[in-house]
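The values are calculated or read from the model by the stated rules, or taken from the named source; none is laboratory data. Here the structure is a predicted model, which means the values were calculated and not measured. Cβ sites come from the backbone with ideal geometry, for glycine too, and all protein chains shown count toward neighbours. Side chains included, ligands, DNA and RNA excluded: accessible areas come from the protein's heavy atoms. Shrake-Rupley method; radii C 1.70, N 1.55, O 1.52, S 1.80 Å.
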Amino acid sequence: MSKRALDVAAAMPAPAADAAALGVRRELRRGRARLRQALALAVPLLLPIPGYGFAAPAWRSVGAPVDGSAVFAKRCAHCHTMAFLMPTPQPMSKLGEEDIYDALWRGAMAEIANGLDDAERRAVAKYIAGLSPDKPDRTSGARTCAAGASGGSPPSAAGTEWGGWSADARNTREQAQLKLTPDQVQGLRLKWAFVFPDEAAFTGGGNQITVVGGRIYVGNLNKWVYALDAATGCAHWTYRAEGRVRSDVVVAGGVAVFGDLLANVYGLDAATGRLLWKVRADAQPSARITGNLTVHDGVAYVPVSTLQEVYGMKGDVPCCSGSGSVVAIDVRSGERVWKTYMVETPLRYLGKTKTGTARYGPAGVVLWAPPTVDAKRGVVYAATGNQHSEPLVAESDAIVALDRKTGAKRWIRSLAPRQMGGKDIYHLGCEKWVDETRATCSPLNPKGQGDRDFGSPAVLQVRDDGREILLAGSKDGMFYALDPDDEGKVLWEVRLGRGGETGGILYGFATDRRRAYVPISDMDADLTADGALNAVDLMTGNRVWRQPVPRETCQGKPQMCSNAMMSPPTLVGNVVFAGANDGYLRAFDADDGHVLWQYDTTREFEGANGRKGHGGSLAFGGPAVVNGMLFQNSGMGLLNMALPGNVLLAFEYPTP
């Protein structure tokens, strides 16, 4: 009963007022009963939960200092002592105390640190940071270009730009405006190197390089974004982001756009580096932008992922609630045009795991591949990740066609592996090497098989016969040709690898009108691999040739070296440039796959910025080739799956 109703009752004649008062008392009794029912349901939710609640943890005694090492051992060591996927304490100690504290409250560890109070988070941060008192340099490490230096001028010739993850928004990774002869390829020489300051828990994310107007635009896990002179490596400007940067930096309309691992998207003045706008793509605590952006016609298409699949490693963390999404942002203003979640089914409570942790679903279907623009059909194609929890949704392990103007789903083509019953419901806690009992696995996947999703974008290509097809490659090792005019109907498919969690096709491939050039990782958890580059005929789906990566090139190198091929190749004329986890950059003949040229980047380099650094695996971003130059990042320490490194390499080749 409202206050207004009580006032009205008070103003009534006595008989009427008595009746009204009786009604008020009944409403109050009903209200108290409803309140008691609500409290009966709510109070159990407020009681302490082991490892999460408000009770004093067992590792803390009254009057004693908060022991950061004990907190770490209790809550963090399970994951951070595996030396696989997660950074161990020693490399984490490169971070400052405030960096670690910030990560525990609003960074990568915010969700998994739930239940630790502020004092405990500060104690953990102090303990980790204190393992290495001497901290690396937090500056950009760049040398500023002299006043009046070139760079930033408009392109003057064909083939002078590599505008994003690909040279085009169809994501073919073909530099179609250039041709290279074998003599030019064999004439490749290192011109200069740039050494990134190494102050992240992982050394090197292998970011994709873009080249526009005589400048290189690139981000780094050290949070810095750089605009370097393509000729010399000096810096026209640098910008420090709030979070660590793994995406490409796409330049369009004078604006440099990129995302960070806190799910922020930035627009900078491409000429000066001045911040124009900054928006949050997703407010979910573990949301992040790990994939590359695509910009077309003034709109940036941003793939959004989460860390919840990784959080499954810790069995007492509820799983899962996040969904991948594509966010369309106006490049000039930073205004959101639309946002589409891949999982639109409302969350359900799914009960508890065998260890008593709450489960929710459906969740997952994250995006970590760049979206592809089909201007002719007015759609954007999103290649999606696996689910983290059931019930099954069609968008998992799929190619999803989104309306460019509204973000509405036009069609969905699910390509989840048939041998898994057409479903891929998985998180890392399902791995036997994490938990032999697989206590947190979905009931639909009790054996923990999965993670066969798409980290490689769909690619729109015109074949020699004039027909447009959509190409897609999965971590299951399958390569598909789809019909964009028939809701992604499969035209042909071919198995190129055995696939796996880090197997199959990871970060992309290149294609011309004749063939696709597809790298295979097929790396196991012990880092043994069976990597190779494959050529596939676009008319038939037949494999034309396969060129394996030699294993002997890892001899004498650290354990994280393997012959896996993860990074996307780049096609220039009849030459395919591709890197591998052994640290080699190779040039292959597109006709038969034989090696024309190779360069081992796992060596020490003296940077044009006066620093010394080291190369590593080529395992995320591919080569960017412009007229007379080739640019490649070397080093992929992220997730401890490949050789770390912190250098950008600039090669030149002779031009006519």
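For the pair segment 389-436 / segment 567-638, the C-alpha centres are spaced 32 Å from each other.
Accessible area per residue (1.4 Å probe, heavy atoms of protein chains only) ranks ARG513, ARG189 as ARG189, ARG513, with the largest value leading.
When both bridge partners sit in the chain, DSSP labels roughly 95% of those beta bridges antiparallel. Secondary-structure-derived ellipticity at 222 nm for the chain, considering helices only, amounts to -4000 deg cm²/dmol, per-run term -39500 (n - 2.57) for DSSP H runs with n ≥ 4.
Can you give me the accessible area per residue for the chain, using a 1.4 Å probe, in Å²?
39
Remark on GLY364: its backbone amide H falls under 5 Å from those of GLY322, SER323, GLY324, HIS388, a criterion applied only to residues 5 or more positions apart or on other chains, H modelled at 1.01 Å from N. In summary, the helical segments of the chain meeting the span-like criteria, namely a full DSSP H run, a Cα extent along the axis of 24 angstrom or more and a mean Kyte-Doolittle hydropathy of at least -1.0, are 14-46. Across segment 379-447, Cα pairs under 8 Å and at least six residues apart give a relative contact order of 26 percent. The amide H of VAL544, built 1.01 Å from its N in the peptide plane, has ALA535, VAL536, ASP537 as neighbours under 5 Å, considering only residues 5 or more places off or on other chains.
Rounded to the nearest 20 debye, the dipole size of the chain about its Cα centre is 2080 debye, using +1 on the Cβ of Lys and Arg and -1 on the Cβ of Asp and Glu. Check the cysteines of the chain one by one and keep only those with no other cysteine Cβ under 4.7 Å from their own. If one checks each Cβ against the other cysteines of the chain, CYS76, CYS79 turn up with nothing under 4.7 Å.
Using +1 at the C-beta of Lys and Arg and -1 at the C-beta of Asp and Glu, which of GLY422, PHE72, THR139 has the Cα lying farthest in the positive direction of the dipole of the chain? Of the listed residues, the answer is PHE72. Of ASP260, ASP67, the order by accessible heavy-atom surface (1.4 Å probe, DNA, RNA and ligands excluded), from most exposed downward, is ASP67, ASP260. Across segment 296-308, computed HN-Hα scalar couplings (Karplus, 6.51 cos²θ - 1.76 cosθ + 1.60, θ = phi - 60°) run 8, 6, x, 10, 9, 9, 10, x, 10, 10, 9, 9, 5 Hz from first to last residue, x flagging Gly and Pro. Of LYS94/LYS557; LYS74/LYS354; LYS314/LYS409; LYS354/LYS423, which pairs sit farther than 25 Å apart, going by alpha carbon to alpha carbon? Check vs 25 Å cut-off fails for LYS314/LYS409. Backbone geometry of segment 257-266 corresponds, through the Karplus equation with coefficients 6.51, -1.76 and 1.60 at θ = phi - 60°, to 3J(HN,Hα) couplings of 10, 7, x, 10, 7, 9, 6, 7, 10, 10 Hz, x marking Gly and Pro. The distance from the alpha carbon centre of segment 446-469 to that of segment 169-245 is 26 Å, rounded to a whole number. Residue ranges 472-479, 554-561 sort as 472-479, 554-561 when ordered by packing (mean number of other C-beta atoms within 10 Å per residue, highest first).
Structural descriptor for the chain: relative contact order 12 percent, calculated from alpha carbon pairs under 8 angstrom and at least 6 residues apart. Computed from backbone phi with θ = phi - 60° and the Karplus coefficients 6.51, -1.76 and 1.60, the 3J(HN,Hα) list for segment 356-371 is x, 9, 5, 10, 9, x, x, 8, x, 6, 7, 10, 9, 10, x, x Hz; x is used for glycine and proline.
Near the amide H of ARG514, within less than 5 Å, lie no amide hydrogens of residues on another chain or at least 5 residues away, with H placed in the peptide plane.
Report, to the nearest whole %, how much of the accessible area of the chain belongs to carbon and sulfur atoms, 1.4 Å probe, protein only. Summing carbon and sulfur atoms, their accessible area is 54 percent of the total for the chain.
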